[in-house]
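Participant: There's a structure below that I have some questions on.
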Amino acid sequence: MKFEDLGLSAPLVKAVTSEGYTTPTPIQAQAIPHVLAGSDLFGCAQTGTGKTAAFALPMLHLLDDSAPPQKGPRKIRALVLSPTRELAQQIFDSFRTYGRHTALRFAAIFGGVNQNPQARELRNGIDVLVATPGRLLDLMNQGLVDLRAVEMFVLDEADRMLDMGFLPDIRKIVARIPAERQTLLFSATMPDDIRRLAETILNKPVNVQVARVSAAERIEQLVYFVDKRNKPALLTHLLHQAPGTRALVFTRTKHGADRVVRQLTRAGIHAAAIHGDKTQANRERALRNFKLNRTSVLIATDIAARGIDIDDVSHVYNFDVPEVAETYVHRIGRTARAGASGIAVAFCDPEERSYLKAIERLIRQPITAKTDHPVYKPAEALAAGDADVHDRPRRVGPSGAARENQSAAARRARQGGQRNRKPAGPARGPTVASSASSSSAASSSAGENGRARRRKRRRPGYSQKAATV
């Protein structure tokens with residue numbers, strides 16, 4: 001089957017062909033006819049299967065075919081929601097590429113950048129708006145976005161939207177869109193919460209599920225069983241063993257991503273991080289350098305990685321084994337794209353064994369364990385000042401019981417000292433001795449100002465003078 005067999009307009013087929021695509025992927029072949037027919041659609045396909053074109057191409061066809069006469073500024077007729085800035089930019093680029101031979105206008109709005117250029121595009125009028133929920137709601141509240149003319153609504157990466165807590169925002173946005181619309185929902189996974197969301201926003205949808213969650217056959221999957229503190233040394237070793245490759249490293253947290261970058265930089269490996277705490281300019285620069293091969297290693301969190309669309313990633317490293325098994329499949333899908341092969345390596349510490357077992361159950365195959373570890377030195381295991389609380393070595397010292405015994409002995413010694421201490425009042429004895437002792441105590445108090453030192457001086461002085469009398 002060719003793209004022209006799907007019923008797409010000539011300008012769209014021309015644009016797709018010029019990009020080097022002639023045969024639609026399974027998700028495209030199944031979804032495009034249903035979208036062209038005007039049906040709501042619930043699509044499930046993992047990353048790298050061509051989901052974006054599966055909804056962008058038929059939407060462009062319908063919007064271009066039904067474009068109303070232009071009287072005044074254009075109104076937004078199609079809205080696409082995505083969870084991240086990178087993915088929003090990627091979808092916008094796809095619409096612009098496939099729709100370059102049409103008269104349609106497109107815009108992307110997302111946070112992390114100045115809103116003024118985005119507001120200016122909205123005022124000038126657009127046909128298709130790609131947005132992240134937060135920035136869209138912000139501009140809606142400012143009266144800069146009018147969704148009353150929306151005919152088509154797409155919710156992309158719905159599972160990640162749910163993970164990021166965007167569900168309340170999505171419901172607010174849906175409430176502002178006309179009920180008479182065509183809705184498309186795409187998700188890489190199908191948790192129950194996504195199914196319930198689909199029931200509330202879709203109207204008699206067609207279900208399209210392609211390549212049920214499984215690992216790509218062209219990906220060699222490996223696992224190293226390694227202590228958490230030795231993961232940086234292992235990653236450095238493997239990257240040095242495969243020079244000239246393009247590697248994507250996944251961490252569980254944003255701070256973890258930054259920490260890995262520091263560790264690799266000290267080892268002489270040029271790396272960059274991309275996550276939600278980075279500014280949009282930093283994220284775009286890191287992605288651009290990675291695509292241009294100026295940076296060979298990119299460290300990412302799962303949320304930020306949803307916008308990474310690079311065909312020649314050779315290695316994917318799971319520095320932290322994901323807690324959700326489907327996330328593992330999504331991660332390794334970043335390699336072995338466009339017919340290429342790839343390698344996926346997981347670093348599994350003892351606390352992550354249960355996550356690994358869940359992944360193996362999901363993909364229905366064991367992951368090959370590797371044993372060619374480097375020699376881990378103490379200096380490699382932990383970088384000074386760069387380990388988190390769980391990585392820090394435990395303080396070596398007496399056991400809990402020994403510390404308790406030491407504390408009890410110390411308390412008894414203090415109590416004994418207090419019982420043997422003499423009163424601080426004037427010493428008893430002959431008048432001459434008392435006067436001398438009082439004079440000595442006053443002098444000591446003025447000169448040294450300390451009860452312990454007064455007592456130390458007074459007691460020997462008293463005994464000496466008493467013996468003389």
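The values are calculated or read from the model by the stated rules, or taken from the named source; none is laboratory data. Since we're looking at a predicted model, the values are computed, not measured. Positions of Cβ are backbone-derived with ideal geometry, glycine not excepted, and every protein chain shown enters the neighbour counts.
Participant: Which residues, taken from segment 1-30, are under 16 Å from residue 95 (Cβ atoms), part of a helix (DSSP H, G or I) and small (Gly, Ala, Ser)?
Facilitator: Scanning segment 1-30 gives 15, 18.
Participant: With the structure loaded, tell me whether residue 123 is touching a residue at least 24 places away in the same chain (Cβ under 8 Å), loosely packed, with under 14 Cβ neighbours inside 10 Å and of a type outside the set (Val, Ile, Thr) or whether it fails that test.
Facilitator: Yes, satisfied.
Participant: When you check residue 185 against the structure, is it surrounded by fewer than 19 Cβ atoms within 10 Å (Cβ to Cβ), at pLDDT 90 or above and in contact with a Leu (Cβ under 7 Å, 6 or more places away or on another chain), yes or no?
Facilitator: Numbers: surrounded by fewer than 19 Cβ atoms within 10 Å (Cβ to Cβ): no; at pLDDT 90 or above: yes; in contact with a Leu (Cβ under 7 Å, 6 or more places away or on another chain): yes.
No.
Participant: Across segment 31-52, what is the number of residues that are surrounded by fewer than 24 Cβ atoms within 10 Å (Cβ to Cβ), among the small types (Gly, Ala, Ser) and either assigned to a helix (DSSP H, G or I) or touching a strand residue (DSSP E or B) at 6+ places or on another chain (Cβ under 8 Å) (or both)?
Facilitator: 2
Participant: OK, next. Which ones in segment 137-161 are within 20 Å of residue 40 (Cα to Cα) and in contact with a helix residue (DSSP H, G or I) (Cβ under 9 Å, 6 or more places away or on another chain)?
Facilitator: Across segment 137-161, the qualifying residues are 147, 151, 152, 153, 154, 155, 156, 157, 158, 159, 161.
Participant: Then there is this: So residue 114 clears everything in (1) surrounded by fewer than 18 Cβ atoms within 10 Å (Cβ to Cβ); (2) touching a residue at least 24 places away in the same chain (Cβ under 8 Å) except one condition, right? Which one?
Facilitator: Of everything listed in (1) surrounded by fewer than 18 Cβ atoms within 10 Å (Cβ to Cβ); (2) touching a residue at least 24 places away in the same chain (Cβ under 8 Å), residue 114 misses just condition (2).
Participant: (1) at pLDDT 95 or above; (2) in a strand (DSSP E or B); (3) buried (at least 19 other Cβ atoms within 10 Å of the Cβ): which one isn't true of residue 238, the others all being true?
Facilitator: It is condition (2) that residue 238 fails.
Participant: Quick one: count up the residues across segment 312-331 that are within 21 Å of residue 293 (Cβ to Cβ) and either of a type in the set (A, V, I, L, M, F, W, C) or more than 19 Å from the chain's Cα centre (by Cα) (or both).
Facilitator: Residues meeting the conditions: 4.
Participant: Could you tell me whether segment 73-84 includes any residue that is more than 30 Å from residue 4 (Cβ to Cβ), at pLDDT below 95 and crowded, with 20+ Cβ neighbours inside 10 Å?
Facilitator: Yes: segment 73-84 contains one or more residues that are more than 30 Å from residue 4 (Cβ to Cβ), at pLDDT below 95 and crowded, with 20+ Cβ neighbours inside 10 Å.
Participant: On the given criteria, is residue 401 at pLDDT below 80 and closer than 24 Å to residue 219 by Cα?
Facilitator: Details: at pLDDT below 80: yes; closer than 24 Å to residue 219 by Cα: no.
It is false that residue 401 is at pLDDT below 80 and closer than 24 Å to residue 219 by Cα.
Participant: Additional query: Give 328, 317 a once-over and let me know the one that is at pLDDT 85 or above, assigned to a helix (DSSP H, G or I), crowded, with 17+ Cβ neighbours inside 10 Å and not assigned by TED's automatic domain parsing to the domain that holds residue 26. Steps first, please.
Facilitator: Details: 317 fails: assigned to a helix (DSSP H, G or I).
It is 328.
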